[in-house]
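Report on the structure given below.
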2 protein chains.
Amino acid sequence: MVPPPADLSRLCLHTMTTRPWALEEAVSRFAAAGVKGITVWRSAFADRSPAAAGELIRSHGLSVVSLCRGGFFPADSTGGRARAVDENRRCVDEAAALGAPHVVLVCGSAPGLSLAESRDQIAEGIARVLPHAQASGVRLAIEPLHPMYAADRSAVVTMGQARAICGLLRSPWLGIAVDVYHTWWDERLEDEIRNCGREGTLFAFHISDWLTPTTDLLEDRGVMGEGCIPIRRIRGWVEEAGFKGFHEVEIFSRRLWASDQARYLADIKSAYLAHA
Amino acid sequence: MVPPPADLSRLCLHTMTTRPWALEEAVSRFAAAGVKGITVWRSAFADRSPAAAGELIRSHGLSVVSLCRGGFFPADSTGGRARAVDENRRCVDEAAALGAPHVVLVCGSAPGLSLAESRDQIAEGIARVLPHAQASGVRLAIEPLHPMYAADRSAVVTMGQARAICGLLRSPWLGIAVDVYHTWWDERLEDEIRNCGREGTLFAFHISDWLTPTTDLLEDRGVMGEGCIPIRRIRGWVEEAGFKGFHEVEIFSRRLWASDQARYLADIKSAYLAHA
């Protein structure tokens with residue numbers, strides 16, 4: 001087992017984790033707390049330009065870790081798929097302006113298509129966005145989602161399926177975001193992480209915890225240590241595979257959003273040091 | 001694609017599907033509707049003995065398809081695991097008295113154990129119950145559950161993991177219950193069903209549908225056709241693999257339980273003929 005994180009130097013928070021805070025407050029609070037990275041959700045730009053958001057973040061000494069999120073490629077019409085590709089190119093432009101090294105892709109799943117058909121359309125959509133991503137210096141990170149999101153959010157529900165798309169398109173600009181919440185149940189996780197390391201596709205690492213009971217499919221995640229995910233073991237696999245990036249805390253929780261956010265941020269820091 | 005079911009001769013309902021009805025009402029309503037099979041949840045016995053429940057069911061011309069449910073083998077103490085084995089032996093006794101050819105196993109998952117450790121304990125628990133099952137003429141059917149239940153209900157979350165346990169224990173008294181709700185997302189489903197057919201382990205087939213959005217992890221399933229599961233395609237795989245048993249409608253739904261149950265039963269019949 002790897003030792004606990006020695007300090008906060010690799011701790012990153014998603015803006016969605018402390019959703020009640022607007023970007024400016026999140027940035028100043030994170031910086032004051034010693035958090036070193038931030039992943040920006042597009043909704044956090046509000047009326048600020050991505051470039052201005054990036055300046056704000058860097059002026060507080062924080063790194064922009066990634067932009068969330070692109071994706072949602074499958075659609076039951078050619079027009080729908082073309083609009084998705086356009087939207088992803090805009091997302092790449094925003095990431096470039098923000099100074100984010102990559103865009104996280106929640107790949108989508110179209111009702112009326114089989115999951116295999118949706119995955120084919122995902123691969124096709126990514127292929128169409130990749131040249132623009134490369135030209136913009138922005139990488140794309142496929143995030144396999146938990147199978148409970150297969151119907152509407154992502155037909156890519158395993159690391160193996162994400163790797164298959166990376167293997168098909170073979171570009172240094174395409175990789176994978178590993179999220180423990182989505183992947184912890186998968187008996188192949190350790191092997192797939194090792195494979196990704198060898199293939200150079202480990203782009204991001206997201207952490208949170210699985211609560212029992214889970215009362216909402218979307219917004220009932222836990223802070224590290226509140227649930228059953230072997231987060232430190234998985235971090236060990238990711239680091240053995242050569243990952244040197246940030247540990248991104250991505251928690252959606254109505255319960256925690258309703259709590260005092262300053263206290264919650266302090267809890268995240270101690271939970272990170274104790275359980276990540 | 002296989003043709004729709006020609007009639008109701010293979011339609012079975014779980015007592016939980018129409019939970020508001022006590023066993024006696026369920027049996028008479030199902031029989032009057034032309035349903036031919038019933039799967040009994042242990043909670044449906046109420047103050048009736050399993051043998052009396054079996055007589056009641058057969059007196060209405062219905063087949064007892066299975067007993068739900070045994071399982072929950074993993075525990076963090078030797079005593080806890082022994083109690084689970086005892087409870088499963090009692091469950092086998094009830095199935096024998098009821099006249100159910102098999103017991104469905106929801107295998108369990110222990111907090112504090114890794115999923116792999118839980119699966120080891122599941123295999124060990126089943127091994128300890130199997131001699132009694134065989135002596136009682138009752139088969140055991142492992143039901144792989146959806147990965148969203150991995151934390152608390154079943155560390156067996158794929159057909160492949162269920163097959164691995166069957167392969168380890170190799171007994172004609174041990175097989176698998178395939179539930180489309182739990183398995184539809186799995187890209188290996190078709191292959192695994194074919195493998196099970198070859199290995200003689202396809203014991204049961206459960207149907208319902210996946211709703212979008214799903215508002216509750218446990219009690220928000222849909223009637224066939226309300227959601228996105230390719231039920232008929234999966235039924236085709238199961239039947240090509242040689243399965244000749246009942247199609248068991250197993251729906252947990254607070255919404256549907258709150259509706260008029262006679263109307264709901266009529267809807268299930270037409271949905272079965274249209275979508276199964």
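Read the figures in this text as sums done on the coordinates, not as results from a lab. If you're wondering where the values come from, they're calculated on a predicted model, not measured in any experiment. Methodologically, a virtual Cβ is constructed for each residue, glycine included, from the backbone with ideal geometry; neighbour enumeration extends over all protein chains shown.
Overview of results
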| quantity | calculated |
| --- | --- |
| Residue count for the range B:169-184, restricted to those that are within 14 Å of chain A (Cβ to nearest Cβ), in contact with a strand residue (DSSP E or B) (Cβ under 9 Å, 6 or more places away or on another chain) and among the β-branched types (Val, Ile, Thr) | 1 |
| Any hit, the range B:154-168, residues being more than 10 Å from chain A (Cβ to nearest Cβ), out of contact with any Cys (no Cβ under 9 Å at 6 or more places or on another chain) and surrounded by fewer than 22 Cβ atoms within 10 Å (Cβ to Cβ) | yes |
| Test: A:Phe45 is touching a residue at least 12 places away in the same chain (Cβ under 8 Å), among the aromatic types (Phe, Trp, Tyr) and in contact with a Cys (Cβ under 9 Å, 6 or more places away or on another chain) | no |
| Every residue from the range A:107-135 that is away from every other protein chain (no Cβ under 14 Å) and acidic (Asp, Glu) | A:Glu124 |
| Meets criteria (surrounded by fewer than 18 Cβ atoms within 10 Å (Cβ to Cβ), within 13 Å of chain A (Cβ to nearest Cβ), touching a helix residue (DSSP H, G or I) at 6+ places or on another chain (Cβ under 8 Å) and assigned to a loop (DSSP other than H, G, I, E, B)) for B:Glu187 | yes |
| Matching residues in the range B:136-148 - criterion: being at the interface with chain A (Cβ under 9 Å from one of its Cβ atoms) and either surrounded by fewer than 23 Cβ atoms within 10 Å (Cβ to Cβ) or among the polar types (S, T, N, Q) (or both) | B:Met148 |
| Tabulated pairs, the range A:175-190, first touching a residue at least 12 places away in the same chain (Cβ under 8 Å) and under 19 Å from A:Gly242 (Cα atoms), second surrounded by 23 or more Cβ atoms within 10 Å (Cβ to Cβ) and basic (Lys, Arg), C-beta under 8 angstrom, 6+ apart or interchain | A:Gly175/A:Arg139 |
| Scan of the range B:31-42 for residues that are surrounded by 14 or more Cβ atoms within 10 Å (Cβ to Cβ), out of contact with any Cys (no Cβ under 8 Å at 6 or more places or on another chain) and touching a residue at least 40 places away in the same chain (Cβ under 8 Å), ordered by number | B:Ala33 |
| Residue check, A:Thr201 hydroxyl-bearing (Ser, Thr, Tyr), at negative phi and in contact with a Lys or Arg (Cβ under 8 Å, 6 or more places away or on another chain) | yes |
| Selection within the range A:150-168 - β-branched (Val, Ile, Thr), in a loop (DSSP other than H, G, I, E, B) and in contact with a strand residue (DSSP E or B) (Cβ under 8 Å, 6 or more places away or on another chain) | A:Val156 |
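Let's see how each residue does on (1) within 14 Å of chain A (Cβ to nearest Cβ); (2) assigned to a loop (DSSP other than H, G, I, E, B); (3) of a type in the set (Phe, Trp, Tyr):
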{"residue": "B:His206", "(1), (2), (3)": "no, no, no"}
{"residue": "B:Leu211", "(1), (2), (3)": "yes, yes, no"}
{"residue": "B:Leu218", "(1), (2), (3)": "yes, yes, no"}
{"residue": "B:Met224", "(1), (2), (3)": "no, yes, no"}
{"residue": "B:Arg232", "(1), (2), (3)": "yes, no, no"}
{"residue": "B:Val238", "(1), (2), (3)": "no, no, no"}
{"residue": "B:Lys244", "(1), (2), (3)": "no, yes, no"}
